[in-house]
Amino acid sequence: MHKRTGTLLLLFGLLAVVLQGCYSFSGASLPEHLHTVAVPLFDDTSRAGIAEYRERCTRSLINSIEAQSELVIEADPSRADAVLTGAIISYADEPSQLGSATERAVTNRITVVLKADFDDRVTREKLFSQTFVGFADYTAGSYAAQQGAIDSAIDMAVEELFNRMISNW
């Protein structure tokens, strides 16, 4: 009985490995007529007052588009096939874990919420309007860890946004 179970598990494992690359997401990508995209500087409506986050989000998204898609960045939105406008709508730095003895924060969590609108200028359709959340914890009291958590939270939100943008599903 044990030998048969082990053999079945081995066969299912091999089958999973063999079939891993067989599924394709064809048809779940950008429309074929989109070749250029404009990404204006993100707005900041979060009231966090940290101007460099606007540039950080915008630059991170542009880097992802250039490195991982066939879209070409167009500086002039009026000449682009599509325009992605974004805004940082929320930024929070709050305790995420309290110490049992002192009831002070042991770790804090950075949470960044982005809102993005992706418009097809060729067909004059909105491809999506959606929010994206990124978060990361850091050791309370460590400035370097806080900055790393901010970068990680922004990266997570931008990655979700980029994946939504190019997958269209």
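Values quoted throughout were computed directly from the atomic coordinates according to the rules given, and no laboratory measurement underlies them. Since we're looking at a predicted model, the values are computed, not measured. Cβ atoms come from the backbone with ideal geometry, glycine included; neighbour counts cover every protein chain shown.
Find, among the GluC sites (Glu not before Pro) in the range 70-114, those assigned to loop by DSSP (not H, G, I, E, B) with at most 14 other beta-carbon atoms within 10 angstrom.
Glu70, Glu103
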* Structure fact -> Fewest-first ordering of Met156, Met165 by Cβ atoms within 10 Å yields Met156, Met165
* First select every other residue whose beta carbon is under 12 angstrom from the beta carbon of Ala136; then total the charges, Lys and Arg +1, Asp and Glu -1. => -3
* Asked: With contacts defined as alpha carbon pairs under 8 Å and 6 or more residues apart, what's the relative contact order of the range 30-167 in percent?
  -> 23 percent
* **Charge tally in the Cβ shell below 10 Å around Leu34, where Lys, Arg are +1 and Asp, Glu are -1, Leu34 excluded** => -3
* Structure fact -> Output ordering of 114-121, 135-142 (per-residue mean of other Cβ within 10 Å, highest first) is 114-121, 135-142
* Structure fact -> Residue by residue through the range 143-154, the couplings from Karplus 6.51 cos²θ - 1.76 cosθ + 1.60 with θ = phi - 60°, in Hz, x for Gly and Pro, are 4, 4, 5, 4, 5, x, 5, 4, 4, 5, 5, 5
